[in-house]
Each structure stands twice: as structure tokens, then as C-alpha cells.
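K.L.:
Take a look at this one; I'll ask things after.
The values are calculated or read from the model by the stated rules, or taken from the named source; none is laboratory data. Remember, it's a predicted structure, so these values are computed and weren't measured experimentally. Every residue, glycine as well, gets a Cβ built from its backbone with ideal geometry; the counts of neighbours run over all protein chains shown.
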Amino acid sequence: MSEGKRVTTKVSAEEINRQYKYIEDIKQYNQDIAMKAGKAARYSIETFGCQMNENDSERLAGMLCEMGYSECEVRSDSDLIIFNTCCVRENAEQKVYGHLGALKRLKDTNSKLIIAVCGCMMQQPEVVAHITKTYRHVDIIFGTHNLYKLPELLNTVITTGKTVTDVWDSTGSIAENMPISRKEKIKAWVTVMYGCNNFCSYCIVPYVRGRERSRSLDEIRKEVGELAKEGCKEITLLGQNVNSYGKDLEGDFTFARLLRELDKIEGIERIRFMTSHPKDLSEDLIYAIRDCSKVCEHLHLPVQSGSSKILEDMNRKYTKEKYLGLIDKVKEQIPDIGLTTDIIVGFPGESEEDFRETLEVVSKAEYDMAYTFLYSKRTGTPAAKNPNQVSEDVMKDRFERLLELQNSISLRINNNLLGEEVEVLVEGLSKNSDTTYTGRTRQNKIVNFKGSPDLVGKLVKVKVDTIQTWSLKGRLVQ
């Protein structure tokens, strides 16, 4: 082990057992209340942000179900409301504040209602101070590093009636063997690592999620094996930078090795992952995507900007040329790869020439889809202090031009699939129809088609007969 290497450890079994004791205590409390009130205690969780937040909320839900709570769709009918927050963009924070304000009326009419706020926003001291001062009806405030302590925090509020704030600056430990309640049965998020070491100059994530911490291969393999037994067909491995998996573990662990190990698990049909950082995309990982039969031919590789100058200012640690070289290598090894990316428009100091270089990269890389964002200033990041902020009008103009280019590329790529048969994992009914079913190809393209309930969870062949920019339509091949 190299000198100074930070090694990730597990939260002790004693600490996990302590939380289970609180779970039992609250379960008994809720049973007693239910006997008197004639109804079970109910919870609602509202999640803001990324897939990792979604997965965190599934873990919160798992603990609550063990404590005797049942999920409630209607906020006003809940006995416990949790907001799991995001702070990547300012509008996400403003939404949370708006929702918190609206809860004041509910608290006034139901003094027994417990309100909790957790997640990334809570890792910012100024946010905690603001909530404590302005939203005094909030009962529990906790962060990203101690989600597993929800039973203890909830027990404290129930037994004392006092507000609880428990936010940790950072941690080198991971809590395993806590309950989880997943929203979907066919697909599942599996977090393989937490935190980030990259410190991109626009990003708040390393400050609120902490340093990189990898789960052990055995724990991940165990979780995926259990999912397979439960009938799950597709897993998506999550991490702020999954390519860094294993660097903090003792032994020879890499993300490519993890993919190869999970590829052996029977029952799982598809494996996806996100997000990859270009600076850590190794040849071995490219080969693993190519060689593993269950790993889907889809790579989400955020470029953020096509200008090497802006990339340096962003602290991305690669150049435009290096990035395009990676794209060429990926396409050479995996010709049918589906490529997606993230792009920030209007980063401080971005000139018209810088933006044109982004358009050039988009044209050359030929992404199936790009997730495009206007730069959002995040207090506490180096980019927020940059005096050369781009005006909103310029940002919006560039955003529209980028969107127009990407839409034309997406439509052209989809046109190549007209008349082709594609393999689709059927996920369920489309949102807007009782007869149209939806699923995704291995390249992560959405496909809609007429089907029946017995197809859910199965791999089917669909012949594409209608092309749209963001999705495909087709008919089932018998």
C-alpha cells in the first residue's frame, strides 16, 4: 500500500446493530400508535438530484419500512416527511426552500408530524444555519455521510421532542447491511463508491460528498447476487467517478475487474454504469465493456467543454485532443457503442471561440444524446470567484445553438435504426398509455411499442418503424 493512501473501512457491526435496536424500538412505538389510532404510521420521501440521491432514498425507505412505516403518496397524509436534497444547481436548492416553507402549514395542523431534511444541501454550514433559523418546524437535519443513523435520529426526536442536527464533515467509512426498499423490481441502482477526489472548479460534490470511498467487491457481489435472486434483470453501478473504483482499497481492485466479476452472476441480464471521468478511462475498462456479455454498449462520458483552455480552467485534467482520442478508441473497440455526455454552457471565461470548439467536439464525437446545462454558480467553488462570468443572454443563445446541433445528430443516428430489429428490456407501461409498453436497448435508447403485462421484465425484439429525436417506436417481433 502506497504511503499516505486513504483506506476505506466499514462502519462497525456494533454500530449497525445499535441502529437495528432503534429500528425495533420505533417499530414497537408505531405499533402502539397504530393500535390507538387505527392506522399505520406513514412516510413520504421527496428526492431532489441525481441517481445516487435516488439510491440513498431507497435506503432511507428501507429503514422506515423496517420501523413499521408504510409509504404514503400524499404529503399531507404523512406522519413523517423527508426531503433528500441536492446542491449541484441553485434552482434545486430554491425548490427545497419553497417546499419547506409549504410544510409550515402542515406542521401547524399536525404537531405530531416529523419533518426531516438530509442530503447534499445539508453538508453546507450556511444552509444548515439558514434552515435552523428560518424553518424552525424542521425536526431533523442530517447529511450525506450518516444516512444509516436515521433510526437513532428519529428515536431522539420521538423520545425528546427536540430538534436534532447531525451533519458530519467527512467520513472514510461505509455502512453495509442496512435495509433497502427499491422502487423498481426489474432494474436497480447499485452504488459502488461514494465521494469524489477530482475537485472540478465548478463542482460542489467533493465538498458535500467527501473523498472517494469504494465498497468492497464482496459486498457489491453479494448485493447484485441477491438482486438476481429477486428477479432483477438490470443493474446500474453508481459512483461520482466509477472509473476510480478500488483505488482506496487494499489489493488489486479496478472498475474493469469489478465489471468482469459481476458479469459472471447468473440472472442479471444487463449491467450499466455511470458516471465515467475521461481522465480515468483506461484501455482495460474499454476492453471490459467490449468483452463482458452483460455490460451494455453504452458509455456516458462527460466532456463538459470542447475547449482545452476551458477544460484546464475547469480542472478536468484532459484536453480536447485527448478526449477525442478516447472517443476514437472506444468506437474502434466497440463499433455499436451508444455515447452520451454532459456539457456545461457559459462557464466563466468561455469565449465564442471556446464555444465553437465545443460544437466541433459534438460534431466529431457524434453523441446519441447530450445532457446540456447552463453554468450555475456554486458558492464555495473556485469558478464562482472567477470575475469573467458569461452573461445570461449569451449563455442562452449558445445553449440553443448547441441543442439544435445535438438534436440533428441524435435524429440522424436514430434514423439509422429505421427498419432494424432491436433488443429491448421491457420496463412497463409508458407513462401516457394503457397499452403502450416501454423499454431500452442495450445502447440506452427508449423504445415504445404495443405489448402486454406478461412481457414486463423480459428481453424482446422490436422492429423500429418510427423515428423520433429522443425515442423510437416499433412493433413486437413474434
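K.L.:
Being touching a residue at least 24 places away in the same chain (Cβ under 8 Å), farther than 22 Å from Cys296 by Cα and either crowded, with 17+ Cβ neighbours inside 10 Å or in the same structural domain as Asp336 (by TED's automatic domain parsing) (or both), is that true of even one residue in segment 437-446?
P.N.:
From segment 437-446, those touching a residue at least 24 places away in the same chain (Cβ under 8 Å) are 441-446; that's our starting set.
Subset that is farther than 22 Å from Cys296 by Cα: none.
For segment 437-446, residues touching a residue at least 24 places away in the same chain (Cβ under 8 Å), farther than 22 Å from Cys296 by Cα and either crowded, with 17+ Cβ neighbours inside 10 Å or in the same structural domain as Asp336 (by TED's automatic domain parsing) (or both): absent.
K.L.:
Quick one: count up the residues across segment 104-140 that are buried (at least 18 other Cβ atoms within 10 Å of the Cβ) and either charged (D, E, K, R) or in the same structural domain as Leu374 (by TED's automatic domain parsing) (or both).
P.N.:
Summing the residues that are buried (at least 18 other Cβ atoms within 10 Å of the Cβ) and either charged (D, E, K, R) or in the same structural domain as Leu374 (by TED's automatic domain parsing) (or both) in segment 104-140 gives 2.
K.L.:
Being surrounded by fewer than 18 Cβ atoms within 10 Å (Cβ to Cβ) and touching a Pro at 6+ places or on another chain (Cβ under 8 Å) is true for just one of Gly38, Gly62, Gly101. Which residue is that?
P.N.:
Values: Gly38 fails: touching a Pro at 6+ places or on another chain (Cβ under 8 Å); Gly101 fails: touching a Pro at 6+ places or on another chain (Cβ under 8 Å).
After ruling out the rest, the residue left standing is Gly62.
K.L.:
Which one of Glu212, Glu266, Glu226 is of a type in the set (Asp, Glu) and surrounded by 22 or more Cβ atoms within 10 Å (Cβ to Cβ)?
P.N.:
Working: Glu266 fails: surrounded by 22 or more Cβ atoms within 10 Å (Cβ to Cβ); Glu226 fails: surrounded by 22 or more Cβ atoms within 10 Å (Cβ to Cβ).
Being of a type in the set (Asp, Glu) and surrounded by 22 or more Cβ atoms within 10 Å (Cβ to Cβ) holds for just one of Glu212, Glu266, Glu226, which is Glu212.
K.L.:
Would segment 242-250 turn up any residue that is touching a residue at least 60 places away in the same chain (Cβ under 8 Å), among the polar types (S, T, N, Q) and in the same structural domain as Gly267 (by TED's automatic domain parsing)?
P.N.:
no
K.L.:
Before we move on, is Ile81 surrounded by 19 or more Cβ atoms within 10 Å (Cβ to Cβ), at pLDDT 95 or above, over 23 Å from Tyr194 (Cα atoms) and of a type outside the set (Ser, Thr, Tyr)? Step through it out loud before you land on a result.
P.N.:
On the way: surrounded by 19 or more Cβ atoms within 10 Å (Cβ to Cβ): yes; at pLDDT 95 or above: yes; over 23 Å from Tyr194 (Cα atoms): yes; of a type outside the set (Ser, Thr, Tyr): yes.
Criteria met by Ile81.
K.L.:
Only one of (1) more than 29 Å from Ser201 (Cβ to Cβ); (2) at pLDDT below 95 is not met by Glu332, so which one is it?
P.N.:
All conditions are met except number (2).
K.L.:
Shifting gears a bit: Just for segment 166-200: of the residues that are in contact with a Cys (Cβ under 8 Å, 6 or more places away or on another chain) and assigned to a strand (DSSP E or B), which one is nearest to Ile16 (Cα to Cα)?
P.N.:
Ala188
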